[in-house]
1. Listed residues Ala86, Ala113; which is small (Gly, Ala, Ser), more than 30 Å from Glu212 (Cα to Cα) and outside any loop (DSSP other than H, G, I, E, B)?
2. So which of Val161, Val215, Val176 is touching a residue at least 12 places away in the same chain (Cβ under 8 Å), under 19 Å from His289 (Cβ atoms) and under 31 Å from the mean Cα position of the chain (by Cα)?
3. Could you say whether any residue in the range 277-299 is over 36 Å from the mean Cα position of the chain (by Cα), more than 29 Å from Lys181 (Cβ to Cβ), without any contact (Cβ under 8 Å) to a residue 24 or more places away in the chain and assigned by TED's automatic domain parsing to the domain that holds Asp154?
4. Return the pairs, sorted by first residue and then second, in which the second residue is in a helix (DSSP H, G or I) and of a type in the set (Phe, Trp, Tyr), the first residue lies in the range 5-18 and is in contact (Cβ under 8 Å) with a residue 12 or more places away in the chain, the beta carbons are less than 7 Å apart, and the residues are 6+ apart or on different chains.
5. Go through (1) crowded, with 19+ Cβ neighbours inside 10 Å; (2) within 19 Å of Ile189 (Cβ to Cβ); (3) modelled with pLDDT of 95 or more for His289 and report which single condition fails.
6. Here is a list: Thr221, Thr162, Thr171. Which entry is out of contact with any His (no Cβ under 8 Å at 6 or more places or on another chain), surrounded by 13 or more Cβ atoms within 10 Å (Cβ to Cβ) and assigned by TED's automatic domain parsing to the domain that holds Gly309?
Amino acid sequence: MKAKLDQIREQALAQIANSDTMEKLSEVRVAVLGKKGELTSVLKSMKDVPPEERPQVGQWVNETRQEIEKKLEEARTKMERALREARLKAEVIDVTLPAKKAELGHRHPNTIALEEIERIFVGMGYEVVEGPEVETDYYNFEALNIPADHPAKDEQDTFYVTGDILLRTQTSGTQVHEMEKGKLPIRMIAPGRVFRADEVDATHSPSFHQIEGLVIDKHITFADLKGTLAQFAKELFGEETRVKFRPHHFPFTEPSAEMDVSCFKCGGKGCRFCKGSGWIEILGCGMVHPKVLKMSGIDPDQYTGFAFGLGLERIALLKYEIDDMRLLYENDVRFLKQF
């Protein structure tokens, strides 16, 4: 038995000495000390050893195990140290080299335009509010005096979740939420994402952004609307900007109008940018329809108001002279850094 244990020890120590990887050391450990290892087989054969010799044989086995385990641990420690030193040599950092420049993003033209619009209206005393992107048919259509048979409610134009739940097609529903709170007067703008079933092209997208504006108070007239939007246009496009209002129709305002600004590129003389007309349409507006006020719990005999809505992308395209709306959504930093 002693000779057999000496043979196992010598073979194990030789294998340990010749091992040059952690995997080989692990193989030696399993082959000698594992459940089916050579030393474990010797322990299992102890039942065949005469009782008076078992203490001596057990001591030999333990001494052999301890020596093999010690050599395995020494070899593992030595190998780990060598690997760590090799890795440190390979990962030497030259502190005299210039640091790697962190590539940062850039503010989006939409964000720049929105912050400027918010600055203008907040300076006029308006509050910036938000509304839900998933709306009910009532807030998106009915409360805005849009009848059930209106083309805007067609499934070809609107993304419906269920028969009564939809992705909002306009931010106008936010003004209904605010009016229903009953806290008057109201001066607010509501920027947000809207959704319509449009094909993607240079001027259309199924997802874009609008900014809804609303003022509700006593004695509000169309003159207040014109003065407010004229001042807004001057601050956004320049002090020389002129505005004009053209009659239009929106279900939730009466009277309604579309507002044009004089072309800030040619000063109204006519150019490619304004298609030779000297004017550029930027928003729709009007006096809040009495029926909309009444449905929201506001007495139209006591209060009047005006509303307006503009497309954020349209403002960004105009202000920064971008020809294709799709460029705004391609996340090309080279393009974004121009603004």
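The values are calculated or read from the model by the stated rules, or taken from the named source; none is laboratory data. The structure presented is a predicted model; accordingly, all values stated were derived computationally and were not measured. Positions of Cβ are backbone-derived with ideal geometry, glycine not excepted, and every protein chain shown enters the neighbour counts.
1. Ala86
2. Numbers: Val161 fails: under 19 Å from His289 (Cβ atoms); Val215 fails: under 31 Å from the mean Cα position of the chain (by Cα).
Criteria check complete, one pass: Val176.
3. The answer is yes; a qualifying residue exists.
4. Filtered contacts from the range 5-18: Leu5/Trp60.
5. Looking at each condition in turn, His289 falls short on (2).
6. Thr171 is the lone residue from the list that is out of contact with any His (no Cβ under 8 Å at 6 or more places or on another chain), surrounded by 13 or more Cβ atoms within 10 Å (Cβ to Cβ) and assigned by TED's automatic domain parsing to the domain that holds Gly309.
For every residue, the table says whether it meets (1) in contact with a Lys or Arg (Cβ under 8 Å, 6 or more places away or on another chain); (2) without any contact (Cβ under 8 Å) to a residue 24 or more places away in the chain.
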position: Gly227; (1), (2): no, yes
position: Gln231; (1), (2): no, no
position: Leu236; (1), (2): yes, no
position: Glu239; (1), (2): no, yes
position: Pro247; (1), (2): no, yes
position: Ser256; (1), (2): no, no
position: Phe264; (1), (2): no, no
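Conditions tested, residue by residue: (1) of a type in the set (A, V, I, L, M, F, W, C); (2) at pLDDT below 85; (3) in the same structural domain as Ile146 (by TED's automatic domain parsing); (4) over 21 Å from Val200 (Cα atoms).
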| position | (1), (2), (3), (4) |
| --- | --- |
| Gly268 | no, yes, yes, yes |
| Gly311 | no, no, yes, no |
| Ile315 | yes, no, yes, no |
| Tyr320 | no, no, yes, no |
